[in-house]
């Protein structure tokens, strides 16, 4: 049943079939069945007097009245679905437009951060997401903003953050200062102090080290906990790795990855954060996607990976903008500094390469292919890093051989036991932190020596002249690579302008010592390396920020450290993993950088490393 409503001024676009109108000089309302526009409009209609047709000139259309109608108001419908519909609409609008967390947090959010939280995260009722925006984009801010929104919506009572040990204090500090969220840094002391209650159930907001989480003690308690997590955030997720066989099946999971699986199973929402989700191997990306949905992705890496849009996001620095629409990141200018090594330095490089790839095989035979291959990788990287690094490596090796020859029987028994355990660790080198990786490399180079006294004597005779040559080259104080670095430092004007600061990355602690010794003659030099304890690293970062002009760092400073007050960087060694190179640059090329970033990559073009990098560039 319908009742007439108000009439309105004619709107030609509204003269469509089904609309009620009143023609000029008529009192009854009719319903249009068809309308044919033209110089003379034809209207076919049906009304109280039956169907009919009316033809009007365009000048007469102004006399047509369109009648607004509406159904009879009734109040006897089912209130339950109506209430659910209204609530669904309210939630949909709230998740898109309400930004309560922004209003109550101490942040100045950027467009890409708001898009991630309000366009991606909050639209998913059960979020399982891989956030892979470029380094320095403020992923911590995005995670904190999402946490705050969940808490305000009463959906985030229990939150877990898994991060590298060095980043735990930074997470706790930023979440407290920016979002007023108080997190506990869970460690072994909580397990020692809590004998009756599971620490995982004792606290609702926890930041835990990924390497503590993977320990048997922590992981068993995690699995046995009564409570699950509303949200888990896994930082630097590229550190959770697996190995696959030739058919794509998982052949081995790192201990970290097993811990990440436990977190994935016991978390309602899961956010994995890394700027480098793909390490050059498809299964590294698949391993992370698998954590988002263990059942859907299975245990075999597919030949082609199609990442669901609702589970993945990667925004590059080049397209990020601030609130005014201006570029957010300054330009980045990488430069290759190419040179060639010659003379005695080239002799040392060539002889070390020949020793590892040829002499070791000659001494030990074909049964030691794995040994020679691993030794080649490690020693080749060190001889390319610096004369100091290879000289110390050879010196430690010589001392170990001499000690083995003092008591061959004891050495041979220890060698057999060591051989059984070494390569279970070597496969996980990319998964290890710098300190652990150094220990495995040193163990392989210094403890896994020949299997007979004759081979020990033969290797002793081969190592001694190499060590003498390395010492000679180092004593000459004319290493070409160091000379190139000093020329870069001079060209940047660090001596003339003491306000300029420079970050130098190397892969090896021995090389770091060498650079600090040479640079400290003219500059205040800070340093960070994997053998430092966390408080010492924090102190050195502050020293660089406030006083020092140069910082020399190993990979220990490659993640999580914010050095955007510096805009100059030198890669003294080029890492073989491109992800590490990107992480390094992210230390200075990040939000808050006010200068264009200049990066200098030192490359010896006539070495194996230089050849690989040249091919990669071409």
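Here are a few things to note about the model shown:
- Going by neighbour counts of Cβ atoms within 10 Å, the residues 229, 200, 576 line up, fewest first, as 576, 229, 200.
- Extension gain for residue 249-residue 327 works out to 23.8 nm (0.36 nm per residue, less the C-alpha to C-alpha distance).
- Distance-filtered residues of segment 166-184 - backbone nitrogen under 15 Å, label point 7 angstrom along residue 221 Cα→Cβ: 184
- Taking 17 Å as the cut-off, the amide N atoms of segment 315-342 that come nearer than this to a point 7 Å along the Cα-to-beta-carbon line of residue 605 belong to 335-342.
- Relative to the dominant Cα principal axis of the chain, helix 434-446 is inclined by about 30°.
- Reported to the nearest whole Å, the Cα centre-to-centre distance from segment 11-62 to segment 124-146 is 58.
- Using a simple spin-label model with pseudo-atoms 7 Å out from Cα toward Cβ, residue 198 and residue 154 lie 2.6 nm apart.
- For the chain, averaging the sequence separation of C-alpha pairs within contact (under 8 Å, six or more residues apart) and dividing by the residue count gives a relative contact order of 12 percent.
- For segment 172-220 and segment 552-588, distance of Cα centres in Å: 29 Å
- Calculated FRET efficiency for the pair residue 103/residue 546, C-beta based, R₀ 35 Å, to 0.05: 0.55
- For segment 59-218: relative contact order, % (alpha-carbon pairs under 8 angstrom, 6 or more apart): 20 percent
- Folded to 0 to 90 degrees: helix 453-475 orientation relative to the chain principal axis, Cα: 80 degrees
- Antiparallel %, DSSP beta bridges [both residues in the chain], to 5: 35 percent
- Per-residue Cβ neighbour rank within 10 angstrom, fewest leading, 21, 233, 86: 86, 21, 233
- Fraction of antiparallel bridges per DSSP, segment 213-308 only, in percent to nearest 5: 45 percent
- Global form of segment 90-319, assessed from the alpha-carbon gyration tensor, a/c cut-off 1.5: oblate
- Likely footprinting exposure, 508, 567, fewest C-beta neighbours within 10 Å first: 567, 508
- Extension gain for the segment residue 340 to residue 491, taken as residue separation times 0.36 nm less the Cα-Cα distance, is 52.4 nm to one decimal.
- Across the chain the C-alpha pair distances fall into 20 Å bins from zero in the proportions 16, 39, 25, 11, 7, 2, 0 percent.
- Annotation for segment 450-480 versus segment 275-295: alpha-carbon center distance of 43 Å.
- Extension gain for residue 478-residue 396 works out to 27.2 nm (0.36 nm per residue, less the C-alpha to C-alpha distance).
- Calculated [θ] (222 nm, deg cm²/dmol) that DSSP helices of n ≥ 4 give over the chain, each run adding -39,500 (n - 2.57): -13000 deg cm²/dmol
- Helix 343-354 and the longest principal axis of the C-alpha atoms of the chain enclose an angle of approximately 80°.
- Short-range pairs are left out: with C-alpha atoms under 8 Å and at least six residues apart, the relative contact order of segment 140-250 is 36 percent.
- Rounded to 5, the percent of DSSP beta bridges in segment 90-319 classed as antiparallel: 15 percent
- Spin-label proximity, residue 83 to segment 115-135 - amide N less than 17 Å from point 7 Å beyond Cα toward beta carbon: none
- Here segment 468-618 yields Rg over Rh of 0.95, to two decimals, using C-alpha coordinates and the Kirkwood radius.
The numbers here are math on the coordinates, done by the rules we state, and not lab data. Just so you know, these numbers come straight off a predicted model, no measurement behind them. Ideal geometry is used to build each Cβ from the backbone, glycine not excepted, and the neighbour counts take in all protein chains shown.
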